[in-house]
Structures are given as C-alpha cells and as structure tokens.
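Below is one structure, written out as structure tokens, with a few remarks after it.
The values are calculated or read from the model by the stated rules, or taken from the named source; none is laboratory data. Just so it is clear, the structure is predicted and the values come from calculations on it, not from any experiment. Ideal geometry is used to build each Cβ from the backbone, glycine not excepted, and the neighbour counts take in all protein chains shown.
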Amino acid sequence: MTIVTTSRKAADDLRALARHLAFATGARYLARGKTGFAALSDEAVILFTREHGTIRFAVVGEDGTVVLDAPIRSVRIAGREGPIDRTLRVADQSVYDVLKRYCDAAPANAGAPSIVFDGQQKKQIVLELAQ
C-alpha cells in the first residue's frame, strides 16, 4: 500500500495537493503531524514538501530509500471535464518507471506536462517538474 503525505507542518496548499494525489491513485492520505518516517517504514510513501519556496515531490520506497526526489516548477489546478481517470499520466520516462511501481501510472506523450492526474471535486492537477 502506498501512503501520500506532506512534511510535518505543511501549508494548506500542500495538504490539498497530497489529498488530490491520494484520491487519484487510491492511496491512503496521512496527515503527518508528529508521525515520523520510522512509523511508515514498511510502506512506500509519496511525499510533498516545500523547501525555500520550491515544492518537492519525493517517493520513498518500502525500505526507506528515496527513489525519486524532484523539484516541481509549477502546479496548475483546472476544472475536469468528463469521467474521472484514476491513472497518473507521466511524460518523463524515468519518473514513470518509478511511479508505476507504487501506483497506477501510464506514459504520456512527449512534450506533455510532466504529471497529470484527476483530483477531487472535478479538478485536474498538472505538475511541471523542473529539469
């Protein structure tokens, strides 16, 4: 099972982003609070943090190693038309190779935004990863 969470004292926008991703992937959202990574050591964790104004997207494997850590250049939230698709659409092949192990992911066309998924309340979220 995969858990989606944030840093311990995350701002509302990060928590909302994590909840949207958990909804889209069917993963469990965990409000961190005082929970440390030691309590999550046997499950994969997708983590959103903010460092010096930059949002980071990280995946920590079941063994506690960081398998992906990428800065996010921009986050766009728009209205979604049509039925929900519970699959992450990932343009970057190396990011896709990591995410497909932990949630439903599909490759997207080259040139498409980095990660696109359908969130709660008819929202579509687009994450542009920095190169």
Checklist entry - Given the structure, is LEU68 under 17 Å from ILE115 (Cβ atoms), at pLDDT 85 or above, touching a Ser or Thr at 6+ places or on another chain (Cβ under 9 Å) and aliphatic (A, V, I, L, M)? => result yes
Checklist entry - For segment 56-89, how many residues are surrounded by 14 or more Cβ atoms within 10 Å (Cβ to Cβ), of a type in the set (A, V, I, L, M) and more than 14 Å from ALA130 (Cα to Cα)? => result 6
Item to check | Filter result (out of contact with any Phe, Trp or Tyr (no Cβ under 7 Å at 6 or more places or on another chain) and buried (at least 19 other Cβ atoms within 10 Å of the Cβ)) within segment 112-123 | outcome: SER114, ILE115, VAL116, PHE117, ASP118
Checklist entry - Are there any pairs, at least 6 apart or on different chains, whose C-beta atoms fall under 6 Å, with the first in segment 93-105 and of a type in the set (Gly, Ala, Ser) and the second assigned to a helix (DSSP H, G or I) and crowded, with 20+ Cβ neighbours inside 10 Å, and if so, which? => result ALA105/LEU99
Checklist entry - In segment 66-83, what residues are closer than 22 Å to MET1 by Cβ and touching a helix residue (DSSP H, G or I) at 6+ places or on another chain (Cβ under 8 Å)? => result VAL67, LEU68
Item to check | Test set (1) within 16 Å of THR2 (Cα to Cα); (2) in contact with an Asp or Glu (Cβ under 7 Å, 6 or more places away or on another chain) - PHE48 fails condition number | outcome: (2)
Checklist entry - Only one of these conditions is not met by PHE57: (1) modelled with pLDDT under 90; (2) within 15 Å of HIS20 (Cα to Cα). Which number is it? => result (1)
Item to check | Of all residues making up segment 98-127, the number that are farther than 24 Å from ASP13 by Cα and in contact with a strand residue (DSSP E or B) (Cβ under 7 Å, 6 or more places away or on another chain) | outcome: 4
Checklist entry - When only residues in segment 60-86 that are in a strand (DSSP E or B) and in contact with a Gly (Cβ under 9 Å, 6 or more places away or on another chain) count, which is farthest from ALA18 (Cα to Cα)? => result VAL67
